[in-house]
Amino acid sequence: MNLHAQEETTQTTDSLVVKQKYGLRVGVDASKIVRTFLESDYSAFELNADYRLTNKLYVAGDVGTEERTTSTDYLNSTAKGSYLKVGFDYNMYTNWVGMENMVYSGLRFGLSNFDQTLNSYTIYDTNSPTWGQTEVLEGETFTGLSAAWLELIFGFKAEVLNNLFMGLNVQIKGRLSETQPDNFENIYIPGFGRTFDSGNFGVGFGYNISYLVPLFKKVKK
């Protein structure tokens, strides 16, 4: 009788178990703070936050106040108000073990409530023999204005110290609606930016410093 030896082979798959941080990350837009100190016609402050939902997806938002005086050859006006942006970010970057960095794209829906003050404007005096320009001081304020827009955002966040992040982002904005004062246009919308040279579209940027408050960890293989 022939005996056949049978060899049993057991395959073992090794997996690396990683615990990822989930929590609330809160920060400020440092670029707006710097501009407030450097530019006499600008003042703003913005808080931003995100909360991790899954491995790649974050719910995100921004809230802030902004005041900007715009001066052209024929017009000087001041916009002042607050804004709120809510949406999500998607992390396109695959981190090494132990890293929490982000290279992300996202979408925001923005709302702004603001006032516009017409400080002065220039008219042509048709009664002048030389058709000269005459400056008119107005000082009229239009209150209760609002605007809404959609915003695409692209940026990165890098962990420079434990739970401390720094990042840059660029925003591409498309205006959906706005209320305008009588016989006057909105020159600047807080949270959106200037409107007189870009139609319904705008571009913005931010430099963020934020801190992650870890609430729990999830295991990822």
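The values are calculated or read from the model by the stated rules, or taken from the named source; none is laboratory data. In this text, all values refer to a predicted model and were calculated from it rather than measured experimentally. Glycine also receives a Cβ, built like all others from the backbone with ideal geometry; neighbour counts cover every protein chain displayed. Note: areas computed on protein heavy atoms with side chains; ligands, DNA, RNA excluded. Shrake-Rupley method; radii C 1.70, N 1.55, O 1.52, S 1.80 Å.
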- Could you list, in sequence order, all residues of the range 175-205 that are in a strand (DSSP E or B) and closer than 23 Å to Phe45 by Cα? Arg175, Glu178, Tyr188, Ile189, Gly193, Arg194, Phe201, Gly202, Val203, Gly204, Phe205
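Condition first: surrounded by 13 or more Cβ atoms within 10 Å (Cβ to Cβ) and on the phi < 0 side of the Ramachandran plot. Now tell me which residues in the range 181-194 satisfy that.
Of the residues in the range 181-194, the ones surrounded by 13 or more Cβ atoms within 10 Å (Cβ to Cβ) are 181, 184, 186-194.
Residues satisfying the conditions are Pro181, Phe184, Asn186, Ile187, Tyr188, Ile189, Pro190, Phe192, Arg194.
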- Message: Given the criteria more than 30 Å from Met99 (Cβ to Cβ), small (Gly, Ala, Ser) and surrounded by 12 or more Cβ atoms within 10 Å (Cβ to Cβ), does Gly174 qualify?
- Response: yes
- When only residues in the range 68-84 that are part of a strand (DSSP E or B) and β-branched (Val, Ile, Thr) count, which is most open to solvent (accessible area, probe 1.4 Å)? Thr69
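Taking the options Thr36, Thr65, Thr117, name whichever one is without any contact (Cβ under 8 Å) to a residue 60 or more places away in the chain, assigned to a strand (DSSP E or B), touching a strand residue (DSSP E or B) at 6+ places or on another chain (Cβ under 6 Å) and β-branched (Val, Ile, Thr). Outline the logic, then answer.
Details: Thr36 fails: assigned to a strand (DSSP E or B); Thr65 fails: without any contact (Cβ under 8 Å) to a residue 60 or more places away in the chain.
Result: Thr117 is the single residue among Thr36, Thr65, Thr117 that is without any contact (Cβ under 8 Å) to a residue 60 or more places away in the chain, assigned to a strand (DSSP E or B), touching a strand residue (DSSP E or B) at 6+ places or on another chain (Cβ under 6 Å) and β-branched (Val, Ile, Thr).
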- Meets criteria (modelled with pLDDT of 95 or more, touching a Gly at 6+ places or on another chain (Cβ under 6 Å) and buried (at least 16 other Cβ atoms within 10 Å of the Cβ)) for Asp50: no
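Is there a residue being open to solvent by less than 60 Å² (accessible area, probe 1.4 Å), hydroxyl-bearing (Ser, Thr, Tyr) and modelled with pLDDT of 95 or more anywhere in the range 87-95? First the steps, then the outcome.
Keep residues of the range 87-95 that are open to solvent by less than 60 Å² (accessible area, probe 1.4 Å), which gives 87, 89, 91, 95.
When the remaining residues are screened for being hydroxyl-bearing (Ser, Thr, Tyr), the result is none.
No, the conditions are met nowhere in the range 87-95.
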- Task: Scan the range 180-195 and report the pairs whose first residue is closer than 24 Å to Val86 by Cα and whose second residue is open to solvent by less than 10 Å² (accessible area, probe 1.4 Å) and in a loop (DSSP other than H, G, I, E, B), with Cβ atoms within less than 8 Å and a gap of 6+ or a chain change.
- Result: Gln180/Asn186; Thr195/Asn186
- Message: Just the residues that are open to solvent by 90 Å² or more (accessible area, probe 1.4 Å), in contact with a Lys or Arg (Cβ under 8 Å, 6 or more places away or on another chain) and under 20 Å from Thr65 (Cα atoms), please, taken from the range 195-221.
- Response: Val203
